[in-house]
Amino acid sequence: MNSFSNSNTFFYNLHLLGIVKVRCFSVKPLKAEKVRRALIEKGALLHEFPVMNEKDRVIFPVHGDAELSLLEGTGANVQITEREMTPRKVRPRSYKELLELDDALMPLLPSSFDIIGEIAIVKLPAELVPHRFEIGEGLRQFNRNLRSVALNRGVKGDLRIMDLEVISGDGNLETTHVENNLRFRLDPSLVYFSPRLATERMRVAEMVEEEKVLDMFAGVGPFSITIGSLGKAESIVGIDLNPHSIRYFNNNILLNSLEDRVETHLGDARDISAVLGPFDRIIMNLPHNSMDFLDVALSSMDSGYIHLYRVLENDLIMDEVRNMMSISNGLNRRMEITMMRDVHNYSPTRSMFVFDIRVHP
Ligand SMILES: C[S@@+](CC[C@H](N)C(=O)[O-])C[C@H]1O[C@@H](n2cnc3c(N)ncnc32)[C@H](O)[C@@H]1O
């Protein structure tokens, strides 16, 4: 056997043992922390292999195409090397296990986040914001189905659009979200969409009989399209003020083959609801301002049901019920709340509630 085939046999055996050759960057310990942060920020560190401390060098396993130029600015004298390494065997139970943050910061890491299609959207407390790129990278390494991770820096204006910063992955946030077997194309940096309402949308859709339905604040159309997919409604009209929402809504109607069942309108629900009515059922999913439109909804129906969504302090629900009754009394309309429930938590003291309201003729 010649030396070439000997070395091949050697490699073959190493692979059987799970040992692989890995490209590494070697640096002095004094610069190791700076280098580690830079590699994580650039997405170049291989998390499935351990960082090794060797005599007077620290060895970082990196992607095969990682360039030395990634570490410009760290001041480190970096040597490229290779090591035989065994991948970590135990799959981490959480993305948190992939992060190397100070112990004091670990309890602040969020345990849940929203996933829209292939995009994860995270909220971070101020203390974790400087570590956002490492956290984004950890999330993406842990969940291989994610294309990007974006930091939610707050919600802007009446259109409820999130101010998003991409902290890992590709900057294009347009994606396809699947909910109740329906497909919704959208870009969460341009339109509002919450993946937490899937069950609620189906609950409302299943109540719809042969009725005229108005989705007053329709977004990219998830309520309207879920109702349309069940095929019972006589007609469904969705309104939104955001041109991007209506563009995606129209696209989603086509994606789900509902072009003959759902109609869209770009505009202010205050101006066009009554003109398009009367309706038998109205969905009011504008949780911070829906009460400002209850008069419009009541003027857009003779009788029927309203599903009104509201973000409220948990101890102020009865006050809100009194407000609703005073609005309907002021318009000489009779209505009763047939069901009320907490849909999901919104903050430690607030939740999003739904009120099912029966409006009498
Ligand atoms: C909380 S989102 C709900 C979207 C959708 N129903 C859903 O479940 O994803 C509220 C929507 O109302 C729209 N909006 C805000 N003010 C409006 C108004 N005056 N008339 C019509 N739409 C409005 C926003 O653009 C946004 O898409």
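Any read-out appearing in this document is the output of simple, stated calculations on the displayed coordinates, not a laboratory observation. The structure displayed is predicted, hence computed values, not measured ones. Positions of Cβ are generated from backbone atoms using ideal geometry, with glycine treated the same way; all protein chains shown enter the neighbour counts.
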Need one word for region 35-74: rounded, prolate or oblate. Basis is the Cα gyration tensor (sqrt eigenvalues a ≥ b ≥ c); a/c below 1.5 gives rounded, then a/b vs b/c decides. oblate
What ranking do 359, 51 get, fewest neighbouring Cβ atoms within 10 angstrom at the top? 51, 359
280, 319 arranged by Cβ crowding within 10 Å, fewest neighbours leading: 319, 280
per DSSP, antiparallel bridges as share of beta bridges in the chain, % nearest 5, sits at 70
Env charge @ residue 102, Cβ radius under 14 Å, K,R +1 / D,E -1, value -2
Can you put 137, 206 in order of Cβ neighbours within 10 angstrom, beginning with the fewest? 206, 137
Sorting 162, 124, 207 by the position of each Cα along the dipole of the chain (Lys, Arg +1; Asp, Glu -1; all at Cβ), the one nearest the positive end of that ordering is 124
Quick one: what does P(r) look like for region 95-173 with 5 Å bins over all Cα pairs, in whole %? 3, 16, 28, 26, 16, 8, 3, 1
Within the set of other residues whose C-beta is less than 12 Å from the C-beta of residue 57, count the net charge using Lys and Arg as +1 and Asp and Glu as -1. +2
